[in-house]
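Reviewing the structure listed below.
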Amino acid sequence: KSDDVPKFISEFIELKKEVNLERNPSLYAICCNKLGQLHLGEYQKHLHANFRTGMYGFDTTFGSKMCALHKNEALSYLEQAYEIRKEISDLPGLNGTMGLMSTLFQIEGELDKAFEMSESIYNFYIDSDDLNGQIVELIRMAKIKIQQKDLVHSTDLTTKAHELATNYGNPNYIQQVKNLIQEVIQL
């Protein structure tokens, strides 16, 4: 729940302080990744609220500061997790961190950077035969291409995602892909 996020952030900060980076880099990276994920969620929540506040003509100074704080915290922790996981060759963890970073870059409008990260993750999931991961990344890449108003690539990615989601049979993925198809049609 959203109300619990500050408590979780505090708990993970305390855990991170207790973990020795040299002796247990994997757990340290997990703490950084989780902190980045929590701050990313808060950033998204505050960004949406700040947008609504501005739409109604209210002052967004405080909301903008909260957005910047959570965005910077998310990026800082995710970059730490990324570097540690890269150094210890934790490829599954690295791809999870990259997925969160891709989401952050997508929100920030750094779409080429976000797409590049997602494509790298997608290729990892192809190599490891992880169908679930492939679908998640295809959906993310299609959303990026839709944001870029790239009809050809968004159509191709959405078609691949539809095929895999249908074969996988997860109704949530199938619905997400149907929503993407509607967005592609509107391009």
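Residues considered: 58, 12, 62, 8. Of these, the only one that is hydrophobic (A, V, I, L, M, F, W, C), open to solvent by 70 Å² or more (accessible area, probe 1.4 Å) and closer than 24 Å to residue 99 by Cα is 8. The helices (runs of 4 or more DSSP H) found wholly in the range 23-107 and carrying at least 3 residues that are under 17 Å from residue 8 (Cβ atoms) occupy 25-55, 61-87.
Has the range 140-151 got any residue that is of a type in the set (Lys, Arg), open to solvent by 60 Å² or more (accessible area, probe 1.4 Å) and within 15 Å of residue 102 (Cα to Cα)? The answer is yes, given that some residue of the range 140-151 is of a type in the set (Lys, Arg), open to solvent by 60 Å² or more (accessible area, probe 1.4 Å) and within 15 Å of residue 102 (Cα to Cα). Looking at residue 156, is it surrounded by fewer than 20 Cβ atoms within 10 Å (Cβ to Cβ), more than 20 Å from residue 124 (Cα to Cα) and among the acidic types (Asp, Glu)? Spelling it out, it is not the case that residue 156 is surrounded by fewer than 20 Cβ atoms within 10 Å (Cβ to Cβ), more than 20 Å from residue 124 (Cα to Cα) and among the acidic types (Asp, Glu). Collect the residues in the range 23-63 that are under 14 Å from residue 107 (Cβ atoms) and either free of Cβ contacts under 8 Å to residues at least 12 places away in the same chain or of a type in the set (Ser, Thr, Tyr) (or both), keeping them in residue-number order. Within the range 23-63, 43, 48, 51 qualify.
Taken together, 30, 13, 107 contain a single residue that is more than 25 Å from residue 143 (Cβ to Cβ) and modelled with pLDDT of 85 or more, which is 30. Scoring residue 28 on the criteria (1) in contact with a helix residue (DSSP H, G or I) (Cβ under 9 Å, 6 or more places away or on another chain); (2) surrounded by fewer than 20 Cβ atoms within 10 Å (Cβ to Cβ) leaves a single failure, condition (2). Scanning the range 1-22 for residues that are in a loop (DSSP other than H, G, I, E, B) and either on the phi > 0 side of the Ramachandran plot or free of Cβ contacts under 8 Å to residues at least 60 places away in the same chain (or both) yields 1, 19, 20, 22.
The values are calculated or read from the model by the stated rules, or taken from the named source; none is laboratory data. These figures come from a predicted structure and were not determined experimentally. Neighbour counts run over all protein chains shown; Cβ positions are idealised from the backbone, glycine included. Areas reflect the complete protein model, heavy atoms only, side chains present, ligands, DNA and RNA absent. Shrake-Rupley method; radii C 1.70, N 1.55, O 1.52, S 1.80 Å.
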